[in-house]
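Student: Take this structure, written in C-alpha cells, and hold onto it; I'll ask about it next.
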Amino acid sequence: MRILNINVLPVACVGLLMVIMMIMVAPMVISYSKTPVDVSKANTAERKVENEIVISLTKNKKLYLNDIPVSLNILKEEIEDELEEDPYRLVVIRADKEISYGEVISIIAIAKETGAKRIVCGTKKKERNE
C-alpha cells in the first residue's frame, strides 16, 4: 500500500490570497454612495474608509440615510439609533449642488441635535484645471 503526501502549502497560499483580496475589496463595497447626488466640487483631501453615517439629499429633495429612503420627520430618530453605539461616528451630508443652503443647514442642525460629534459635507475633488 502506497501512502500519498498531500502538499498543503499551495492550499494555504490560495486561502491567504483570498483573505487579502477580501480585506482590500470590503471597504469599496460597504460605502453608502449609491444614491445619485451631484455634490459640489471643492479642494478636498482623500477620505479614509470608516463606518460612517451618510445622509443624502437629492436634486428632487428626496432624503436618504445610508442609501435608505427616510422622511425628514424621522431623520433625527434614525440618526440617534445609528449613533447609539458610538457618538463619534462620522456623519457625512451629501446634498445636490442645486439644493438651497437653508435645507442643508437644517439637516446639519438635526445631526447636531442628535449629539453627533463629527459632521462633514461631502464634495467631489476638483480637477487641476478647474
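Residues are listed down the side, and each one gets a yes or a no for (1) in a strand (DSSP E or B); (2) at pLDDT 85 or above:
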position	(1), (2)
20	no, yes
26	no, no
29	no, no
36	no, no
44	no, no
80	no, yes
94	yes, yes
111	no, yes
119	yes, yes
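Student: If you go through the range 49-91 one residue at a time, how many are closer than 13 Å to residue 113 by Cα and either of a type in the set (Gly, Ala, Ser) or in contact (Cβ under 8 Å) with a residue 12 or more places away in the chain (or both)?
Tutor: Summing the residues that are closer than 13 Å to residue 113 by Cα and either of a type in the set (Gly, Ala, Ser) or in contact (Cβ under 8 Å) with a residue 12 or more places away in the chain (or both) in the range 49-91 gives 8.
Student: Just one of 88, 101 is aromatic (Phe, Trp, Tyr) and closer than 18 Å to residue 53 by Cβ; which is it?
Tutor: Of 88, 101, the one residue that is aromatic (Phe, Trp, Tyr) and closer than 18 Å to residue 53 by Cβ is 88.
Student: Of all residues in the range 96-109, how many are assigned to a loop (DSSP other than H, G, I, E, B), of a type in the set (Val, Ile, Thr) and farther than 11 Å from residue 58 by Cα?
Tutor: Within the range 96-109, the first condition is being assigned to a loop (DSSP other than H, G, I, E, B), and the residues that meet it are 96-100.
Next, from what is left, pick out any that are of a type in the set (Val, Ile, Thr): 99.
With farther than 11 Å from residue 58 by Cα added as a condition, the list becomes none.
Residues in the range 96-109 being assigned to a loop (DSSP other than H, G, I, E, B), of a type in the set (Val, Ile, Thr) and farther than 11 Å from residue 58 by Cα: 0 in total.
Student: Taking only pairs six or more apart or across chains, which ones have beta-carbon atoms under 6 Å, a first residue in the range 105-119 that is free of Cβ contacts under 8 Å to residues at least 60 places away in the same chain, and a second residue that is among the charged types (D, E, K, R) and assigned to a helix (DSSP H, G or I)?
Tutor: 110/76; 114/76; 114/80
Student: Those residues that are at pLDDT 80 or above and surrounded by fewer than 10 Cβ atoms within 10 Å (Cβ to Cβ), I need them from the range 1-13; list them, please. Working first, answer last.
Tutor: Here is the first cut: in the range 1-13, the residues at pLDDT 80 or above are 7-13.
Of everything in the range 1-13, those that are at pLDDT 80 or above and surrounded by fewer than 10 Cβ atoms within 10 Å (Cβ to Cβ) turn out to be 7, 8, 9, 10.
The values are calculated or read from the model by the stated rules, or taken from the named source; none is laboratory data. Since the structure is predicted, the reported quantities are computational estimates derived from the model, not experimental observations. Note that we place each Cβ from the backbone using ideal geometry, even for glycine, and neighbour counts take in every protein chain shown.
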